[in-house]
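Please read the structure below before turning to the comments.
The values are calculated or read from the model by the stated rules, or taken from the named source; none is laboratory data. Please read these numbers as outputs of a predicted model, since none were measured by experiment. Virtual Cβ from ideal backbone geometry, glycine too; neighbours counted across all protein chains shown.
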Amino acid sequence: MLALRDVWYKDIIRGVTLEIGKGITAIIGPNGAGKTTLLRIMAGVIKPDKGIVERRGRVAASWQNPYYGFYKTSVRDEVRYALKLIGKPADNVDKILMDMGLLEYADMSPFKLSMGQARILSITLALLTDPDILLIDEPTTGLDTYEKRRLVDVLKDIGRPIVIASHDIDFVIEVADHVAVMDRGRIIAYGDTLDIFYESDSLEKIGFPKPFIVSVGKAIGLRLRSVDELAEIIK
């Protein structure tokens, strides 16, 4: 549905080849690795200097600062406005907000939402366009533990291909199906999330520590994703 073939952009993206399929794909790497630029190329915001970007279907995005995408004085009006822009009826706004857990904030200014609430509203607005692929840049920036938990649930319920760019490895190991490890503009490893975290040395190459849950998992001979998963096993 989305594929990059030997894509180059300035000195930021260098020969990236990557194919996005079903599930959630995470692009991880240190600051300056090129994650956000790669997402912008995927979205069509930036045209690469060289290489091919193949898109089959509609791509929507939620960028790192969700507040930049808001225009109206209330959450309800924000959704109503987005529906109007894409030519959809606005008679089910409250149902949309209820489904995303935002109905209690319907009359609040979107600029007064917490970062987690604003992120979910941003994702909601992106999903209104019925995208075939959703891109999300640094989804956990500024989120507390509860908001991260809520975001994990939202992403798992979307049911369409998602690409996230993140350096939050604890979040990535829990939510992603596939991981691309990026360093200095190149993809240095790609594969199943648990293979990358438990079998690959690519995290060490980019200076990332193994998540705590990986150390625990290796110690007891299980490939765990989260502390919650460990708690369920212990019960």
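Observations on the model:
- When R55, R40 are screened for being on the phi < 0 side of the Ramachandran plot and over 16 Å from the mean Cα position of the chain (by Cα), only R55 passes.
- Of the numbered criteria (1) touching a residue at least 24 places away in the same chain (Cβ under 8 Å); (2) among the small types (G, A, S); (3) farther than 14 Å from A165 by Cβ, the one A61 fails is (3).
- Residues of segment 58-93 classified as among the polar types (S, T, N, Q) and either touching a strand residue (DSSP E or B) at 6+ places or on another chain (Cβ under 8 Å) or under 15 Å from L127 (Cβ atoms) (or both), total: 3
- Pick from segment 1-17, criterion part of a strand (DSSP E or B) and of a type in the set (D, E, K, R), ranking: surrounded by the fewest Cβ atoms within 10 Å (Cβ to Cβ): D6
- Residue-level analysis places G142 among those that are out of contact with any strand residue (DSSP E or B) (no Cβ under 9 Å at 6 or more places or on another chain), surrounded by fewer than 16 Cβ atoms within 10 Å (Cβ to Cβ) and farther than 16 Å from K72 by Cα.
- Residue match in segment 199-222 (condition: over 21 Å from P66 (Cβ atoms), part of a loop (DSSP other than H, G, I, E, B) and acidic (D, E)): yes
- Considering residues of segment 69-86 that are assigned to a helix (DSSP H, G or I) and touching a residue at least 24 places away in the same chain (Cβ under 8 Å) only, the residue surrounded by the fewest Cβ atoms within 10 Å (Cβ to Cβ): G69
- Selected residue [farther than 11 Å from I24 by Cβ, in contact (Cβ under 8 Å) with a residue 24 or more places away in the chain and of a type in the set (A, V, I, L, M, F, W, C)] from V181, V172, V163: V181
- Some residue of segment 156-168 being touching a strand residue (DSSP E or B) at 6+ places or on another chain (Cβ under 9 Å), over 25 Å from A33 (Cβ atoms) and either charged (D, E, K, R) or at pLDDT 95 or above (or both): yes
- Which numbered condition E104 fails, given (1) at negative phi; (2) touching a residue at least 12 places away in the same chain (Cβ under 8 Å); (3) surrounded by fewer than 18 Cβ atoms within 10 Å (Cβ to Cβ): (2)
- Where a residue in segment 215-235 is at pLDDT 85 or above and its partner, wherever it lies, is exposed (fewer than 14 other Cβ atoms within 10 Å of the Cβ) and not polar (S, T, N, Q), with Cβ under 7 Å and at least six apart: L224/V216
- Complete set of residues in segment 18-50 that are surrounded by fewer than 14 Cβ atoms within 10 Å (Cβ to Cβ) and not in a loop (DSSP other than H, G, I, E, B): E19, K50
- Positions within segment 11-55 being among the basic types (K, R) and at pLDDT below 95, in sequence order: K22, R55
- Test: residue in segment 186-195 that is without any contact (Cβ under 8 Å) to a residue 12 or more places away in the chain and surrounded by fewer than 22 Cβ atoms within 10 Å (Cβ to Cβ): yes
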